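Data first, discussion second: the structure below is written as structure tokens.
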Amino acid sequence: MIKSKIMEKMTFTINLPKDIVMTLENKAKDSGIHSTEYVENLITKEMTSPSLDEILEPFRIQVEESGISDENLDLLFTNARKKVFKAKKEIQKS
């Protein structure tokens, strides 16, 4: 048997500038849904998505455990960015 998760819904009223409401309504229309559903989807996505801190936590732990200095970590990222930038320039030349 499949159990359905019934969620109690509540009403939450916010005041938005008219231009934001118009943009919101246009985006909802473009998505083919009512503006109320569009806002609900935005809020739900925001509230259920992991924060940047949560995403970066494993990386921070790995860096700490590696013992790499801040200077060496900065150098590692700087060199990686330079390589990517150089590769993109080469592709654009082609």
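The values are calculated or read from the model by the stated rules, or taken from the named source; none is laboratory data. Everything numeric in this text was worked out from a predicted model, so none of it was measured. Cβ atoms come from the backbone with ideal geometry, glycine included; neighbour counts cover every protein chain shown. For the accessible areas, the whole protein counts, side chains as well, though only heavy atoms, and no ligand, DNA or RNA atoms are used. Shrake-Rupley method; radii C 1.70, N 1.55, O 1.52, S 1.80 Å.
Okay, here's what the table says:
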| read-out | value |
| --- | --- |
| Segment 83-94, subset within 25 Å of the chain's Cα centre (by Cα) and open to solvent by 90 Å² or more (accessible area, probe 1.4 Å), residue nearest to Arg60 (Cα to Cα) | Phe85 |
| Residue in segment 87-94 that is among the acidic types (Asp, Glu), in a helix (DSSP H, G or I) and over 22 Å from Thr13 (Cα atoms) present | yes |
| Criterion (among the aliphatic types (A, V, I, L, M) and exposed (fewer than 12 other Cβ atoms within 10 Å of the Cβ)) met by exactly one of Leu73, Leu24, Leu42, Leu16 | Leu16 |
| Test for Leu24: is it part of a loop (DSSP other than H, G, I, E, B) and at pLDDT 95 or above | no |
| Extreme residue, least open to solvent (accessible area, probe 1.4 Å), among residues of segment 27-39 that are assigned to a helix (DSSP H, G or I) and closer than 22 Å to Lys9 by Cα | Ala28 |
| Unique match (being in a helix (DSSP H, G or I), at negative phi and either open to solvent by 90 Å² or more (accessible area, probe 1.4 Å) or touching a residue at least 60 places away in the same chain (Cβ under 8 Å) (or both)) among Glu57, Glu65 | Glu65 |
